[in-house]
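Have a look at the structure below, then the notes.
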Amino acid sequence: MALDTASTPTRVPDAATNGPAAATAKKRLARLYAAIWRWHFIAGLLVTPILFVVSLAGAIYVFRDELEPVLYPELFVVAPQAQMLGYGELVAAAEAAYPNAHAEYIFQHRDPAHSLGIHMHLSETEDLTAYVNQYTGQVLGMQDHSSFFDWILTLHRSLFAGLFGRLVVELMVGWSISSVLTGLYLWWRRSSGKPGRWWVRWAGKPRAILRELHSVLGAYFAIVAVVIMATGLIFTYAAGTLMLGSLAVSGQLPASYISAPRSAAAAADATPLTIDQAVARYQATGNAAEWSLFIPEKPEQAFSFTTSSSHDLPNMRMAWVDQYNGTILDDLRWNMLGLPAKAALYFYPIHTGAIYGWPTKIIAVLTCLILIGLSVSGVLLWWWRRPKGKLGVPSRVNEQVVPKWMVALIVVLSIFMPLMGVSLLLVLFGDWAWRRWQRSRHNQPA
């Protein structure tokens, strides 16, 4: 992560020109700078290995929609025709090709040259997605969770370590955010007592140039990096549960989003709608180029349609169709959502860079690469500057130097990132216990 390798400062911004007040202010800022530098150093060094892996996986995943048709044209690319087959017929073709699985979802892509995806359930732990030519009914093949981009996504979210891996990634994201923010503060203050430079000075030795790159590039991309990491927290275990739970408890999520509407009770011999009848009923109340459909498996369930494009959220829609009488049980539109719920829906396109298409995706990839570069350069700079045979951790600042505004910021970050908050409490307790033990060794009162 962003490891600013400037030495512990000896000069700080002038609070005044002369007198005791100026000297006191300088000492206070010097201690604060040293404390933040120590935090930045330790946090950055700890998160570097995982941040490197997660950022690399994220950079690759950003262009999944664009790369999959190139990597797997036999699965995703079809020749558009004037008329496509019925969805029921296409589902039947997929289930005939994979007789041990049954269809759960249909994914209709906005591009007519993109095949139809049918998500199928095999067992409690196994699923696959079959791809069917919607014009000919040919089953083109399938992908399971071992596909390349599913592998990349699992690496990005959990490091292939299940729930434990998810928690580790979430914890490291929290500390990475703190490392970026502390690095931004260090860049702004600089040890010279002036705001950080906006450009790289290319004169000097390679180590000095690398330090300049680390500092300046980190400053330019700091806010974007924090936004990308913060919006990804909604997909984590603890922070994500907290965010969605808060929206639900505060009434910001519609009731149908929390608990899907159910089909009305029907006679035992009632005949459910076909998939094509349900699609026709849905499209009669507002068509969309791209949508997904959940196919009901139980008598009380309804057909569930979702229209949600990352780059066109104001046209999002969720609708439920009674599987027996075709009634629209609920129809959620963008204008029916509160501001917090709308903001939450923007988290995914912001996190992946899809919000404005290619330009923001390129920014997302560049940010991931910058984070990788900051991680590597920070470790290199630490390794080069550390005293021989020592770890080279900046010295602890004994005085209480954290201002109230910084305490408030830490509290807010800890609320939104509970794992980081818990870990911070453990660190503070460990530091207090260590100091107490050191004092007792020297027969000093605690």
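The values are calculated or read from the model by the stated rules, or taken from the named source; none is laboratory data. On a predicted model such as this, the values are computed, not experimentally measured, just so you know. So basically every Cβ, Gly included, is an ideal-geometry build from the backbone, and we count neighbours across all protein chains shown. The area values use the complete protein model at the heavy-atom level, side chains included, leaving out ligands, DNA and RNA. Shrake-Rupley method; radii C 1.70, N 1.55, O 1.52, S 1.80 Å.
Assuming charge only on the beta carbon of Lys and Arg (+1) and of Asp and Glu (-1), the dipole of the chain about its Cα centre is about 4520 debye to the nearest 20. Let me cross-check residue 74: its accessible surface, 1.4 Å probe, with only protein heavy atoms counted, in Å² to the nearest 10? So the heavy atoms of residue 74 present about 110 Å² to solvent.
Ranking 318, 334, 294 by how far each Cα lies toward the positive end of the dipole of region 286-343 (charges on Cβ) leaves 334 at the top. Taking amide H as placed 1.01 Å from N in the peptide plane, the amide H of residue 127 sits under 5 Å from that of 122, 145, each at least 5 places away or on another chain. Note that the chain presents 53 Å² accessible area per residue, ligands and nucleic acids not counted, probe 1.4 Å. Residues of the chain were split at every exposed loop site, defined as trypsin sites (Lys or Arg not before Pro) in a DSSP loop with at most 10 other C-beta atoms within 10 angstrom, and the longest piece left, sites excluded, is 1-387. Phi angles across region 85-97 convert, under the Karplus curve 6.51 cos²θ - 1.76 cosθ + 1.60 with θ = phi - 60°, into 3J(HN,Hα) values of 6, x, 5, x, 5, 5, 5, 4, 5, 5, 5, 6, 6 Hz, Gly and Pro given as x.
For the chain, the longest principal axis of the alpha carbon atoms and the long axis of helix 148-158 meet at an angle near 50°. When 300, 124 are compared by accessible area at a 1.4 angstrom probe, the order from most to least is 124, 300. Shown are 249, 70, whose ranking by accessible area with a 1.4 Å probe and every protein chain present, most to least, is 249, 70. Model label sites at residue 70 and residue 431, defined 7 Å from Cα along the beta-carbon direction, differ in position by 4.6 nm. Secondary-structure-derived ellipticity at 222 nm for the chain, considering helices only, amounts to -17500 deg cm²/dmol, per-run term -39500 (n - 2.57) for DSSP H runs with n ≥ 4. Distance between the C-alpha centres of region 45-62 and region 306-339: 35 Å, rounded to the whole angstrom. Using only the C-alpha atoms, the convex hull of the chain corresponds to 205 Å³ per residue.
Taking the alpha-carbon centroid of each part, what is the distance from region 354-416 to region 86-157 in angstrom? Centre-to-centre distance over Cα atoms comes out at 41 Å.
Solvent exposure of residue 257, expressed as accessible area, is near 110 Å², computed with a probe of 1.4 Å over the protein chains only. Note on the chain: Lys pairs 8 or more places apart or on different chains, Cα atoms under 22 Å apart, count 6. Sequence-ordered 3J(HN,Hα) estimates for region 99-114 from the Karplus curve with 6.51, -1.76 and 1.60 and θ = phi - 60° stand at x, 8, 10, 10, 6, 10, 9, 10, 10, 9, 7, 5, 8, x, 8, 9 Hz, glycine and proline given as x. Among the chymotrypsin sites (Phe, Trp or Tyr not before Pro) in region 147-185, which ones are in a DSSP loop with at most 10 other Cβ atoms within 10 Å of the Cβ? Mind listing them? Qualifying residues, ordered by number: 160.
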